[in-house]
């Protein structure tokens, strides 16, 4: 019995000494911290100096411990996490979502922000017909057909100026007249009425006479018909060919525009919630938790580097929505009204933000967590929320 008590006492003393020695381990003078720009948590000024809620919070905690920070910027979250897993950085300083999968190579600090995912969409009524025609390549075909019409109008003008003495002599009037006749033939499928007033002149000549014979009337009609076609049988053949082509042209334009509008009504229907995302082209930040979640939802994911790239893609219509952390999206919409974006739907997949340590920084994370708890209790974290979001909720 005494031997057992003695062993227990010795074990307790050993544990106490080990904890004491651990707590007395010197903190590193400088840590290498990876950062990824994600406003308003991590931002960079014109001089390159970093600021934002996560940066200010980290620097407040690190200053209390007398630790200097050397920042290493990464283009994407994916690149930064890969560097952390490889041991190239000591700390991850950003609005990092706490996930079980990342605990394989990261050690999290005390969580300092409650978040979740939301959806950012364009406040306009979806993508326009023109934008969709451009995206599918149909608009280029329309431009090509328009160019062909212009060339044909020039060619027809050259022919009519040579064979038709009453055709307008000015190039502007002649080309526009020929262009009008070509479009009219393509639309109606018939030869348009002669652009000149020869028939009116001939009939008016007969009308002004007090009397005329049947043969004179027949002669006038024949003269009108001859005036309407100065190009012989070749003119009729070319007109027929163009009318056949015109019917196909009108059918093509009508069908493509109809198909485009149908696509817009089916694919670009309004997105109001998480359940509207399947089948939609949705932007996500590469390497984030949202990319992992949407992979199993059936969305057509488009990996993006950051919020700026996402905004450009959404504005151009190449994606239909952006799924990311709610505070990031809300802050961007608030500070960039020129894009006319809106954040829609309820918060889904609630999560928490924390700093994380990797490699040589693992021994520092517990001490940092103690400082974060202190900053939470003394209201410093609340003051940062008020500063960057206007609310502490």
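The values are calculated or read from the model by the stated rules, or taken from the named source; none is laboratory data. Just so you know, these numbers come straight off a predicted model, no measurement behind them. Backbone-built Cβ (ideal geometry, glycine too); neighbour counts: all protein chains shown.
Looking across segment 69-81 at every residue that is in contact (Cβ under 8 Å) with a residue 60 or more places away in the chain and surrounded by fewer than 18 Cβ atoms within 10 Å (Cβ to Cβ), the one that is nearest to the chain's Cα centre (by Cα) is identified as 75. Tallying residues that are in contact with a strand residue (DSSP E or B) (Cβ under 6 Å, 6 or more places away or on another chain) and surrounded by fewer than 21 Cβ atoms within 10 Å (Cβ to Cβ) within segment 38-61 yields 4. Check segment 317-327 and report whether any residue there is at pLDDT 90 or above, more than 28 Å from residue 134 (Cβ to Cβ), part of a helix (DSSP H, G or I) and touching a helix residue (DSSP H, G or I) at 6+ places or on another chain (Cβ under 8 Å). Among the residues of segment 317-327, at least one is at pLDDT 90 or above, more than 28 Å from residue 134 (Cβ to Cβ), part of a helix (DSSP H, G or I) and touching a helix residue (DSSP H, G or I) at 6+ places or on another chain (Cβ under 8 Å), which makes the answer yes.
Within segment 253-272, if we keep just the residues that are more than 14 Å from residue 130 (Cβ to Cβ) and modelled with pLDDT of 60 or more, the residue that is surrounded by the most Cβ atoms within 10 Å (Cβ to Cβ) turns out to be 271.
The number of residues in segment 158-173 being part of a helix (DSSP H, G or I) and at pLDDT 80 or above comes to 4. Name every residue in segment 352-387 that is crowded, with 18+ Cβ neighbours inside 10 Å and under 30 Å from the mean Cα position of the chain (by Cα), in order of residue number. Within segment 352-387, 353, 354, 355 meet the criteria.
Just so you know, in segment 286-314 the residues that are assigned to a helix (DSSP H, G or I) and modelled with pLDDT under 90 include one that is surrounded by the fewest Cβ atoms within 10 Å (Cβ to Cβ), and it is 292. Free of Cβ contacts under 8 Å to residues at least 60 places away in the same chain and on the phi > 0 side of the Ramachandran plot - does that describe any residue in segment 131-152? Yes, segment 131-152 contains at least one residue that is free of Cβ contacts under 8 Å to residues at least 60 places away in the same chain and on the phi > 0 side of the Ramachandran plot.
No other residue among 346, 371 is outside any helix (DSSP H, G or I) and either over 26 Å from residue 89 (Cα atoms) or in the same structural domain as residue 97 (by TED's automatic domain parsing) (or both) apart from 346.
Taken residue by residue, segment 17-34 has at least one member that is at pLDDT 90 or above and under 33 Å from the mean Cα position of the chain (by Cα).
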